[in-house]
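Following: one structure in structure tokens, then a few remarks.
The values are calculated or read from the model by the stated rules, or taken from the named source; none is laboratory data. Note that this is a predicted model, so its numbers are computed, not measured. Here the Cβ positions follow ideal geometry from the backbone for every residue, glycine too, while neighbour counts run over all protein chains shown.
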Amino acid sequence: MLSCFFKKESQRSCAIPLRVKAPAIVVILMAICSSLDFSLFWYQQKQAVNQEKQDALRTTLKQVEFQMSLISTFAAAQSDLVSLLPSIQNAFQRQDREWIKTELAAFFKRQKESYNLELFQMHTPPATSFFRAHKPETFGDDLSQARMMVVATNKFKTTQKGLEMGRAGLAIRGVSPIFSQANHLGSLEFGYNLKPIIDNVKNTLGIHLGIYIDEKLGAAVKEFDQNKNYSDYVGGYIYLDSTDKNIIQKVAASSTFQDTLEPQFGSIAIEKIEYGKVMAPLIDYSGAKIGFIFIIKKFDQLDANFSKNIIWKCISLLLQLIVLAGVAITVYNGTLVSPLIHLTRKCVLLHEKDDSALNEFKERKDEIGILANTISNLSLTKKNNKPKP
């Protein structure tokens, strides 16, 4: 039964003229080669676009980190400067909290309004809060288990700067030791909220940025300040702040929180809009990871250029296929099919006793000439072997 099927298929195949079959095979092979070429081109273009997006996101991340670094340096410079003021040193040595409160009230207010200063605090060793300008009614609490930056400042008697989670929340801080006549009295701190940075990068860099912190740090802050609403958890981390909470929460929900200090790059579609994203560890003053920064950015121009390149490549390959197929068919028909058709007609004449019918083909040195000579010899042999009457 199978042999009958294949026999029928073979007969159908033989029924297709050679002048159609052979060019069709050539065109199919060309189409396959063009498809492979297009696939390779698409892959290379996609890799190049993804690399360009990754480089842009890496640069954006560095810009954000640089802004944080500038503010931490500024906070450290302020704390150094104020800690050197004799009036502050003397008041701190006298433990005159009321004088400090009165003298620094206007200063703190102006710094807060003009430069987004979030907190000003003084501590006695190792880390007991002596005065908070942002919360003057709260003092005397031991911070030695929560504020290791203050502990380090008073232990090593050197200025510390960078990010740290405190009872007022996450802030960029500068903490400097205070001395009076070479006697170490304690430390003084300036702290800046991240919110102005978050708002600024959205406007200047055209990105969305969000911050998640370790849930243990968030729990400690909430225990101190019940007004802090840290309730959005994902992967052991708590949502802190962002340029757009809805978007950043979707990004965080689709991400894998890995224990790594290397940024993770990828992409995400939100409401049919494609974004490139980077998830980078949030590092505190000591180099420890305390959370993650999410940055997402649209790359409309890159995506448009990628689509344009793909379209032009398709058009180019289609034109190449049409031209090459036309040339191949023309050459094939001119060099093989047409001579074969002509040879076939001459064979008919040979069959009709015209021995000179194939003479024009016998001089050819190609396959057509070989075929003509073979047919002529076969005809001659047949005639010679034909029995005489």
Filtering region 196-213 for residues that are free of Cβ contacts under 8 Å to residues at least 60 places away in the same chain and not β-branched (Val, Ile, Thr) leaves a count of 3
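With the requirement that a residue be charged (D, E, K, R) and not in a loop (DSSP other than H, G, I, E, B), what does region 240-287 give you? Talk me through it step by step, then tell me what you get.
Just the residues of region 240-287 that are charged (D, E, K, R), to begin with: 241, 244-245, 250, 259, 262, 271-272, 274, 277, 284.
Across region 240-287, the qualifying residues are Asp241, Lys245, Lys250, Glu274, Lys277.
Looking at this structure, is Glu98 among the acidic types (Asp, Glu) and in contact with a Leu (Cβ under 8 Å, 6 or more places away or on another chain)? Before the answer, list the steps.
Values: among the acidic types (Asp, Glu): yes; in contact with a Leu (Cβ under 8 Å, 6 or more places away or on another chain): no.
In short, no.
Kindly indicate which of Thr158, Thr138, Thr153 is out of contact with any helix residue (DSSP H, G or I) (no Cβ under 6 Å at 6 or more places or on another chain), of a type in the set (Val, Ile, Thr), outside any strand (DSSP E or B) and at pLDDT below 95.
Values: Thr158 fails: at pLDDT below 95; Thr153 fails: at pLDDT below 95.
Just a single option satisfies the conditions, and that option is Thr138.
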Considering region 288-304 alone, what residues qualify as being in contact (Cβ under 8 Å) with a residue 12 or more places away in the chain and either farther than 19 Å from Gly206 by Cβ or outside any strand (DSSP E or B) (or both)?
Lys289, Ile290, Gly291, Phe292, Phe299, Leu302, Asp303
Is there a residue being among the acidic types (Asp, Glu) and either under 30 Å from His208 (Cβ atoms) or in a helix (DSSP H, G or I) (or both) anywhere in region 78-95?
yes
Of all residues making up region 22-74, the number that are modelled with pLDDT of 90 or more, β-branched (Val, Ile, Thr) and closer than 30 Å to Gly326 by Cα
1
Taking first residues from region 150-166 that are in the same structural domain as Tyr239 (by TED's automatic domain parsing) and second residues anywhere that are crowded, with 20+ Cβ neighbours inside 10 Å and of a type in the set (Lys, Arg), the pairs with Cβ under 8 Å that are 6 or more apart or on different chains are Gln160/Arg173; Lys161/Arg173; Gly162/Arg173; Leu163/Arg173; Glu164/Arg147; Glu164/Arg173; Gly166/Arg147; Gly166/Arg173
